[in-house]
Amino acid sequence: MAKHRFFVIYLLPLVLVGFVLLTALAAVRPARSDPAQARVRLIPQVLELITAHYVESLDRAELSDSAIRGMVSHLDRYSQFLDAEATRAAEEDNRGRFGGLGVHLSLDRSLKHGFLTVARPFRSGPARAAGILPGDRIVAVDSERLARLRDSRDFQAVLQRIKGEVGSPVRLTLERTEDGATRELDCTLTRAQVQVETVLGSRRVDPEAGLGYFRIDAFKEHTVEEVDAALRGLMAEGLDGLVLDLRNNGGGLLRQAAEVADRFLPRGVIVSTRGRHPEDHEVLHATPAQQVPAELPLVVLINRATASAAEALAGALQDYRRAVILGERSYGKGVVQSVYRMGQTRTSLKITTSRYYTPSGRCIDRIYSADRKRYTGGILPDVVVLLRHAEDVVLMGEDGEWERWLADEVDPRTPAPPPVWPDTVDRQLLAAIDLLRGRYPVGRTVAREADEGAAVRARPPEAEEDS
C-alpha cells in the first residue's frame, strides 16, 4: 500500500510532466521529411517573398496563376491551367453554341496579320448575311481601333468582345484585300444564337455511282446529330458508298466520336481508356442500333493533322475492318484530358489522365525514338496516298481550296469539291472515290505501308476559333 501511495504521490506526477514535455518538443521540432516535401513547402515561401520584397507591386492572384501554369507546362503539351475566362470559353466550345456572329477565326493567321482574321463564315448566321468573306480582318470593334495581337491571350480577349448577348448589336470595321488593294468597310451586326458546324460538305460526289461524302471537322456535343442528319439525307437519295473525311480533324469529345463509330458498328468495344486510377478506366461499346447497313462500302480519309478522338474513330473502323483507311499516318494524340474545376475560383485544370486504345489494344499515342526522327503511334492507313507539301498547303491550308469551297458551299453555283478544281486535284479524295467505284470487298485490307517521313513532317492540328 505504501509503495502504491509513493508511486501516486511522487512518481506519477514526474511521468505526466515528462509526457507533456515530450509532446511539446515533438510539436515544436520540425518533422523529418524527404527532399520533395521540403521543396513543396518552398512554393508558398517564394510567393510570400516575391510579393513582399519584389521591386514592383504584384498581384498575388496573377502571380499564383503564373506559378500554376509553370507547373502544368512541365507535364505535356496538352495539359493546361485555364483561368476563369478560358474555362468559360472551353465549356462554350464543347457545347458549340453561343451568342455570336457565326465566323471561324484563324489563330495562326490572326497572329500573323495582327488582327482577328476570318477563316470562313458559317453557312448561316449574321456574318454570312452581312457578306463577311474569308480573309477579312477585324481592325475595330464598336468604332474602337484594336491593338495588334501579340499572342493567344490577346486573341482571346478580342474574341470575347465579338461574342455577346443574343440580340445585342456590334459594329465592326473590316480590312479587306482584293485585287491587290486594301480597303476598310464598316458593318453593324446583331448577335444571334449560333452553332458551330462540325459536319461539312455533305453531298453526293458521284451521283451515277451513288457515292456520298461528308467531312467531320471536330467532335462537339451536337456532332452526332449532324452526322445523323447527313446520313439521312444521303441515304434518302440512295447511297451505295460513302467517303468519311477526317482530315485536319483535331479531335474533341471522345464520347461523340464513339457514338459516330456506333453508327457503323453492330457490336463490340469501340475505344477504351486506361490511366493510373480506376476512375480513369473506361470502355465504350457499340450498341445494337446500327444505322448504316453493314454492307455499305466505306472509305475514311486521314492525314497528318487527324488527331485524338478522330484517330479513335478511324482506329475502331480499321480494327473491325469496317472501312478502308486512306491517306497518311495520323498525328498520334492518344491521350485523354480531364477537366477539374478549382473550387470557387471559376478556374479549371485540364490534365492528361489516361491514354486510349483501339479495340485491338493499339495505343495511338506517339512515342519517339531516341534520335526523335521516328515514332510509333498514330493510325497507319490501309492505302497510303501522300500529298506533297505544296499540295497540302493548296488543298488543306487556311487559304486552300477546301476552305474556299466550304465558304461558298451554300451557293447553288458552287462546283463539286476540290477533285474537279481546274488547277488542283485532291488525289486522296479521288483515290477514295476510285476505290468505291471498284466495289472493293468490304472488310479486306487493300494495302498497308508506314509513312517513313511522317515524324519529320508531322504537325499539330491547326488552331481555329469560332465567334
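The values are calculated or read from the model by the stated rules, or taken from the named source; none is laboratory data. All values derive from a computational prediction rather than experimental measurement. As a convention, Cβ positions derive from the backbone with ideal geometry for all residues, glycine included, and neighbour counts pool all protein chains shown.
Brief remarks follow.
- Residue count, segment 201-245 (criterion: part of a loop (DSSP other than H, G, I, E, B) and within 23 Å of ARG427 (Cβ to Cβ)): 6
- Residues in segment 202-233 that are within 19 Å of ASP434 (Cα to Cα) and surrounded by 13 or more Cβ atoms within 10 Å (Cβ to Cβ): SER202, ARG203, ARG204, VAL205, ASP206, ALA209, GLY210, LEU211, GLY212, TYR213, PHE214, ARG215.
- Criterion violated by ALA390 - all others in (1) buried (at least 20 other Cβ atoms within 10 Å of the Cβ); (2) over 30 Å from ARG88 (Cβ atoms) satisfied: (1)
- Tabulated pairs, segment 286-307, first closer than 14 Å to ALA261 by Cα, second in a loop (DSSP other than H, G, I, E, B) and among the small types (Gly, Ala, Ser), C-beta under 7 angstrom, 6+ apart or interchain: ALA286/GLY268; LEU298/ALA323; VAL299/ALA323; VAL300/ALA323
- Pairs are defined by a Cβ separation below 8 Å, a sequence spacing of at least 6 or placement on different chains, a first member in segment 256-272 that is modelled with pLDDT under 95 and hydroxyl-bearing (Ser, Thr, Tyr), and a second member that is surrounded by 24 or more Cβ atoms within 10 Å (Cβ to Cβ) and not in a loop (DSSP other than H, G, I, E, B); the pairs so defined are SER272/TYR356.
- Residue in segment 337-347 that is surrounded by 17 or more Cβ atoms within 10 Å (Cβ to Cβ) and more than 30 Å from ALA61 (Cα to Cα) present: no
- Any hit, segment 187-199, residues being in contact (Cβ under 8 Å) with a residue 40 or more places away in the chain, out of contact with any strand residue (DSSP E or B) (no Cβ under 8 Å at 6 or more places or on another chain) and not in a helix (DSSP H, G or I): yes
- Leading residue by the ranking (nearest to VAL300 (Cα to Cα)) among those in segment 358-382 that are assigned to a strand (DSSP E or B) and in contact (Cβ under 8 Å) with a residue 60 or more places away in the chain: TYR375
- Meeting the requirement of 2 or more residues that are at pLDDT 75 or above and among the hydrophobic types (A, V, I, L, M, F, W, C), the strands (runs of 3 or more DSSP E) wholly within segment 2-115 are 80-82, 103-106.
- Any hit, segment 252-265, residues being in contact with a Pro (Cβ under 8 Å, 6 or more places away or on another chain) and at negative phi: no
- Residue identified as buried (at least 19 other Cβ atoms within 10 Å of the Cβ) and not hydrophobic (A, V, I, L, M, F, W, C) among LYS373, LYS333: LYS333
- The single condition among (1) closer than 27 Å to ARG88 by Cα; (2) in contact (Cβ under 8 Å) with a residue 24 or more places away in the chain; (3) of a type in the set (Lys, Arg) that ARG161 does not satisfy is (2).
- Among the residues of segment 131-169, the one identified as closer than 14 Å to GLY102 by Cβ, modelled with pLDDT of 85 or more and outside any loop (DSSP other than H, G, I, E, B) is ILE138.
- Top-ranked residue in segment 399-445 [being among the aliphatic types (A, V, I, L, M) and not in a helix (DSSP H, G or I); ranked as modelled with the lowest pLDDT]: VAL442
- Number of residues in segment 307-318 that are under 15 Å from PRO381 (Cβ atoms) and modelled with pLDDT under 95: the value is 1.
- Residue check, LEU116 surrounded by 20 or more Cβ atoms within 10 Å (Cβ to Cβ), touching a residue at least 12 places away in the same chain (Cβ under 8 Å) and under 18 Å from the mean Cα position of the chain (by Cα): no
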